[in-house]
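Worksheet for the structure shown next.
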Amino acid sequence: MKVMLIDDSKTMRNIQKSVLKQLGYTEIEEAQDGQDAMSKVGAFKPDFILVDWNMPVMDGLTFVKKFRQTDKTTPLIMVTTEAEKSRVIEAIKAGVNNYVVKPFTPDLLSQRINETLTKAGVPTG
Amino acid sequence: MSNALEKYLRLKLDPDKVEATLRIDPGFEVDDVTPESLRAFLDSKAISQQAIDSDAIAELAKSACENADSEEFQEAVVARGTPVEHGLDGRFDFAPHVELLRDQIERRAKAAKNRRFKDQEEAVTAGDNGNGVVDDEYAINFYDDSSFIVVRKGEPIGRIEPPTPGVDGVDVSGNAIAARQGQSADIKIGAGTTETSSGVISAVAGKLSYDAGEIRVDDTLDIQGSVDFSTGNIKFPGDVIIHKGVRDKFEVNAQGNVRIDDLVEAATIRTASDLTLRGGMAGRGSGEIDVQRVAAARYLDGVVGRVGGDLCVEREISNCNLLIAKRIESPNCTIRGGEVRVGRRIEVAQIGGEGEIETGVVLGVIPELEDLCEPLSKIVNLVVTRHSEAQIELDELKQADSKSAAISEKLTEVTFDISSTETHASEIRSRLQTITGSNSTQHLATLVARRAIYPGVTIWMSGWKITLNDTLKGPVVIDLSPEGEVQYTPLGSDGPSKPLAGVAMIVSDDRVPRLTAIDEKLAAVA
């Protein structure tokens, strides 16, 4: 199963990558902002996406909106420090399937990924 | 045919009478010599019509008439029978690869004859292809090139060719010549070989020999002399018995037991089974043994290596560097100089000697963990330290007033570090327990000295380094108390045991790390 990680922090990407590998996902593509992700997502065709909100060049919310114009089904999980309820609602309206607030534990991220994929009818790890 | 002609004609037969030659001497009347007159002469000599060569007769008659004035006689083969083909005797044909090895061994033996090897360089001859031409393919290395053939089990050795009956011949008079029947080969298919439809194969792995008409394969290699330039290195799939010694720089490598009756010099002896050195080994620091099971020796001096089972030495282990997986059981032996590392138990007469001879004894070694212990300790320390640092960092971040994005990300990072170190600690612990499960021998590590242990001796056991201050007189047993402290007890007494600290300097040391201590560290994290 193919996963795309979008985060401007390499450390954060590495942490998420480690959790994904523990869950059995080994085919992982990384992008450092929304624009970078837009340029890769067409060719990579991920089965689900983990996306940060605050990033330079193109933020996560803009990416989600643009991505959802052409792809309505691929599960998207927003992994962000934006914890306010209004922000969460904004993201969900834009098309994210689930939401993980930083700081998170590896267990919490695993749990969110599994529940999102189950809900979307995608077979997990 | 006139009688006048007959006196000029002579008929010669070869010994088998399968060829008749007619000679015409000078002086005959030309008119008398015709093909018919010559044929009539052959008839009179009972030469068979089937054997006569009419063309040869016509040619001879013509030639004689044309040269009638010559002083020379004229002759030609005028009749031929059928030569007899006698049967061939049976024989043993070696398989081509065996034949090549036999050839190589023969060349080696010839080259070794009367040769005196002064140094190692002379152990390789220039190649000579037998015609005086230098050819590296024919070079002989008196170390590596074997002086005997080793075959695997089931390997083709050769084939017995049966005798043939032969084909009868016919002489020039039409009489049959009986062919002689070939004789059966006088070959005995000996021990270790078996005859199959595809030829003779080896029934066991071993040394192939062909002697006095017997082909055999012996699974024990019996060397009457020494392993030296006459034999080359030994690489053998079974037991090896060497009735003399093994010279410097030679190697013996056997899958079975090895017994050597005389002195082993600075050589290398490897066996997948037991080793017996009846004459001892003077390795001069470079002699090496690698024994998978039990080793026994009269003495070992300047030897390095390892023994997978027990070691028993009659007299002395001096200046050796040895790893013994199980026990040294040698109640009359002295360990003097060098270092021995032993898994479970040492029983000797004496360790060290007068004059504070530096002698190291490492007890409770688990060979499987020998190379692993030090890096394992380092990794465990790193994991434990990182876990503790991350825990402190996490507490500080949690107490911070600000909950900025940067702090949230840092918290994620630190939480992840803690989680990772806990996972690592748990994995290491689980694997360590798997490895040590069948090797938890450290508490059984025991040292028995029947006579004495001298100053200059250092003993490492289970997390301790023990340096003797004074001579510890035997018979005495050194082991660990249930609390893990080093203690000694007079042999044969019921105690009480005394702490060794009274007669030795004891300091904590990780040379033989306490696995329980590593496990305790990990348990605090995992």
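Out of region B:137-150, which residues are touching a helix residue (DSSP H, G or I) at 6+ places or on another chain (Cβ under 8 Å) and not in a loop (DSSP other than H, G, I, E, B)? Don't jump to the end; show me each part of the working.
Just the residues of region B:137-150 that are touching a helix residue (DSSP H, G or I) at 6+ places or on another chain (Cβ under 8 Å), to begin with: B:138, B:140-143, B:145-149.
Answer for region B:137-150, where residues must be touching a helix residue (DSSP H, G or I) at 6+ places or on another chain (Cβ under 8 Å) and not in a loop (DSSP other than H, G, I, E, B): B:Tyr138, B:Asn141, B:Ile149.
Output the residues belonging to region B:282-293 that are in a strand (DSSP E or B) and not basic (Lys, Arg).
Here is the first cut: in region B:282-293, the ones in a strand (DSSP E or B) are B:282-291.
Once the filter is applied, which keeps residues that are in a strand (DSSP E or B) and not basic (Lys, Arg), region B:282-293 yields B:Ala282, B:Gly283, B:Gly285, B:Ser286, B:Gly287, B:Glu288, B:Ile289, B:Asp290, B:Val291.
Exactly one of (1) modelled with pLDDT of 90 or more; (2) touching a helix residue (DSSP H, G or I) at 6+ places or on another chain (Cβ under 6 Å) is unmet by B:Thr421. Its number?
Checking B:Thr421 against (1) modelled with pLDDT of 90 or more; (2) touching a helix residue (DSSP H, G or I) at 6+ places or on another chain (Cβ under 6 Å), the one that fails is (1).
Can you work out which of the residues in region B:204-230 that are acidic (Asp, Glu) and assigned to a strand (DSSP E or B) is farthest from the chain's Cα centre (by Cα)? Don't jump to the end; show me each part of the working.
Initial filter on region B:204-230 (acidic (Asp, Glu)): B:211, B:214, B:218-219, B:222, B:228.
Now drop any that are not assigned to a strand (DSSP E or B), which leaves B:211, B:214, B:218, B:222.
On the way: B:Asp211: 22, B:Glu214: 24, B:Asp218: 14, B:Asp222: 14 Å.
So, considering only residues that are acidic (Asp, Glu) and assigned to a strand (DSSP E or B), the one farthest from the chain's Cα centre (by Cα) is B:Glu214.
If I ask for residues that are in a strand (DSSP E or B), of a type in the set (Val, Ile, Thr) and over 30 Å from B:Val77 (Cα atoms), which ones from region B:168-203 would you list?
Narrowing region B:168-203 to residues in a strand (DSSP E or B): B:169-170, B:176-177, B:188-189, B:193-196, B:199-202.
With of a type in the set (Val, Ile, Thr) added as a condition, the list becomes B:170, B:177, B:189, B:193-194, B:196, B:200-201.
Passing the criteria: B:Ile189, B:Thr193, B:Thr194, B:Thr196, B:Val200, B:Ile201.
Name the residues in region A:1-26 that are over 14 Å from the mean Cα position of the chain (by Cα) and part of a helix (DSSP H, G or I), would you?
Listed by number, the residues that qualify are A:Lys10, A:Thr11, A:Ser18, A:Lys21, A:Gln22.
Consider B:Val361 carefully, then state whether it is in contact with a helix residue (DSSP H, G or I) (Cβ under 6 Å, 6 or more places away or on another chain), surrounded by 20 or more Cβ atoms within 10 Å (Cβ to Cβ) and not basic (Lys, Arg). First the steps, then the outcome.
Details: in contact with a helix residue (DSSP H, G or I) (Cβ under 6 Å, 6 or more places away or on another chain): no; surrounded by 20 or more Cβ atoms within 10 Å (Cβ to Cβ): yes; not basic (Lys, Arg): yes.
No: the conditions fail for B:Val361.
Just the residues that are in a loop (DSSP other than H, G, I, E, B) and of a type in the set (A, V, I, L, M), please, taken from region B:294-316. Give the derivation first.
Within region B:294-316, the first condition is being in a loop (DSSP other than H, G, I, E, B), and the residues that meet it are B:294, B:308-310.
Residue satisfying the conditions is B:Val294 alone.
May I ask you to say which residue of A:Thr74, A:Thr80 is over 29 Å from B:Leu394 (Cβ atoms), of a type in the set (Ser, Thr, Tyr), under 13 Å from the mean Cα position of the chain (by Cα) and surrounded by 15 or more Cβ atoms within 10 Å (Cβ to Cβ)? Can you show your working first?
Numbers: A:Thr80 fails: over 29 Å from B:Leu394 (Cβ atoms).
A:Thr74 is the lone residue from the list that is over 29 Å from B:Leu394 (Cβ atoms), of a type in the set (Ser, Thr, Tyr), under 13 Å from the mean Cα position of the chain (by Cα) and surrounded by 15 or more Cβ atoms within 10 Å (Cβ to Cβ).
In this structure, does A:Glu29 turn out to be more than 14 Å from chain B (Cβ to nearest Cβ) and part of a helix (DSSP H, G or I)? First the steps, then the outcome.
Details: more than 14 Å from chain B (Cβ to nearest Cβ): yes; part of a helix (DSSP H, G or I): no.
For A:Glu29, the condition - more than 14 Å from chain B (Cβ to nearest Cβ) and part of a helix (DSSP H, G or I) - is not met.
Please go through region B:1-60 and pick out each residue that is acidic (Asp, Glu), touching a residue at least 40 places away in the same chain (Cβ under 8 Å) and part of a loop (DSSP other than H, G, I, E, B). Reasoning before the result, please.
Of all residues in region B:1-60, those acidic (Asp, Glu) come to B:6, B:14, B:16, B:19, B:25, B:29, B:31-32, B:36, B:43, B:53, B:55, B:59.
Those left that are additionally touching a residue at least 40 places away in the same chain (Cβ under 8 Å): B:16, B:19, B:25.
Across region B:1-60, the qualifying residues are B:Asp16, B:Asp25.
Are there helices (runs of 4 or more DSSP H) fully within region A:55-125 with at least 1 residues that are over 21 Å from A:Lys40 (Cα atoms) and within 14 Å of another protein chain (Cβ to nearest Cβ)? List them. Lay out the reasoning, then the answer.
On the way: elements: A:60-70, A:85-94, A:106-120.
Passing ranges, in order: A:85-94, A:106-120.
Every residue, every condition in (1) within 12 Å of another protein chain (Cβ to nearest Cβ); (2) among the charged types (D, E, K, R); (3) part of a loop (DSSP other than H, G, I, E, B), yes or no:
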| residue | (1), (2), (3) |
| --- | --- |
| B:Leu382 | no, no, no |
| B:Lys398 | yes, yes, no |
| B:Glu413 | yes, yes, no |
| B:Ser419 | yes, no, no |
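Given the conditions (1) more than 14 Å from chain B (Cβ to nearest Cβ); (2) in contact with an Asp or Glu (Cβ under 7 Å, 6 or more places away or on another chain); (3) surrounded by fewer than 19 Cβ atoms within 10 Å (Cβ to Cβ), and given that A:Ile6 satisfies all but one, which numbered condition is not satisfied?
Result: A:Ile6 passes all but (3).
What single numbered condition from (1) more than 26 Å from B:Ile335 (Cβ to Cβ); (2) touching a residue at least 40 places away in the same chain (Cβ under 8 Å); (3) surrounded by fewer than 21 Cβ atoms within 10 Å (Cβ to Cβ); (4) touching a strand residue (DSSP E or B) at 6+ places or on another chain (Cβ under 8 Å) fails to hold for B:Arg306?
Failed condition: (1).
Mind listing whichever residues of region B:455-484 are more than 18 Å from B:Gly352 (Cβ to Cβ) and not in a strand (DSSP E or B)?
Those that are more than 18 Å from B:Gly352 (Cβ to Cβ) and not in a strand (DSSP E or B): B:Ser462, B:Gly463, B:Ser481, B:Pro482, B:Glu483, B:Gly484.
Write out, first by first residue and then by second, each pair whose Cβ atoms fall under 6 Å of each other, whose residues are 6+ apart or on separate chains, and whose first residue, in region A:5-31, is on the phi > 0 side of the Ramachandran plot while the second is of a type outside the set (A, V, I, L, M, F, W, C).
A:Gly24/A:Gly125
Looking for something under 60 Å from the mean Cα position of the chain (by Cα), of a type in the set (Lys, Arg) and either surrounded by fewer than 18 Cβ atoms within 10 Å (Cβ to Cβ) or within 30 Å of B:Arg152 (Cα to Cα) (or both) - is there at least one such residue anywhere in region B:76-91?
Let us first name the residues in region B:76-91 that are under 60 Å from the mean Cα position of the chain (by Cα), namely B:81-91.
Narrowing further to those that are of a type in the set (Lys, Arg): B:91.
Now narrow it down to the ones that are either surrounded by fewer than 18 Cβ atoms within 10 Å (Cβ to Cβ) or within 30 Å of B:Arg152 (Cα to Cα) (or both): B:91.
Scanning region B:76-91, I find at least one residue that is under 60 Å from the mean Cα position of the chain (by Cα), of a type in the set (Lys, Arg) and either surrounded by fewer than 18 Cβ atoms within 10 Å (Cβ to Cβ) or within 30 Å of B:Arg152 (Cα to Cα) (or both), so the answer is yes.
Only one of these is out of contact with any Leu (no Cβ under 9 Å at 6 or more places or on another chain) and either crowded, with 22+ Cβ neighbours inside 10 Å or among the β-branched types (Val, Ile, Thr) (or both): A:Val96, A:Val51, A:Val122, A:Val64. Name it. If you could, list the steps in order and put the result at the bottom.
Working: A:Val96 fails: out of contact with any Leu (no Cβ under 9 Å at 6 or more places or on another chain); A:Val51 fails: out of contact with any Leu (no Cβ under 9 Å at 6 or more places or on another chain); A:Val64 fails: out of contact with any Leu (no Cβ under 9 Å at 6 or more places or on another chain).
Sole residue among the options that is out of contact with any Leu (no Cβ under 9 Å at 6 or more places or on another chain) and either crowded, with 22+ Cβ neighbours inside 10 Å or among the β-branched types (Val, Ile, Thr) (or both): A:Val122.
The values are calculated or read from the model by the stated rules, or taken from the named source; none is laboratory data. Fair warning: this is a prediction, and the values are worked out from it, not measured in the lab. Methodologically, a virtual Cβ is constructed for each residue, glycine included, from the backbone with ideal geometry; neighbour enumeration extends over all protein chains shown.
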